[in-house]
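Below you'll find the structure, written out as structure tokens, and then a few comments.
The values are calculated or read from the model by the stated rules, or taken from the named source; none is laboratory data. For clarity, every value in this text was computed on a predicted model and none was experimentally measured. Ideal geometry is used to build each Cβ from the backbone, glycine not excepted, and the neighbour counts take in all protein chains shown. For accessibility, only protein heavy atoms count, side chains too; no ligands or nucleic acids. Shrake-Rupley method; radii C 1.70, N 1.55, O 1.52, S 1.80 Å.
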Amino acid sequence: MTECLISIVLRPLVPVRSCFFPGCLYIHDLALIGGALYANTVGENVVVRLDDDGCSHRVWWPLLRVVLSK
């Protein structure tokens, strides 16, 4: 465990590639979970999985509550 932490500290976080995702995703945050890359997309108010081929797939979105006034 300590060796892993040391290797992470000694290795700078730099981008090694980039990809263009067309549309209105407007990505804010990224998370690498179980080997897959996920993003918080403010433009669509969802969390998407970003694939290596440039595709994005919606994996989570908030429940929409409709409140009707009387």
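Return the residues of the range 14-32 that are in a loop (DSSP other than H, G, I, E, B) and touching a Leu at 6+ places or on another chain (Cβ under 8 Å); say none if nothing qualifies. Within the range 14-32, Cys19, Phe21 qualify. Restricting attention to the range 52-70, the residues that are farther than 22 Å from Val16 by Cβ and at pLDDT below 85 total 8. Could you check the range 41-67 and list, in sequence order, the residues that are in a strand (DSSP E or B) and open to solvent by 60 Å² or more (accessible area, probe 1.4 Å)? Correct list: Arg49, His57, Arg58, Val59, Trp60. Selection of the range 1-51 for residues being in contact with a strand residue (DSSP E or B) (Cβ under 9 Å, 6 or more places away or on another chain) and at pLDDT below 85 yields Cys19, Phe21, Gly23, Cys24, Leu25, His28, Gly43.
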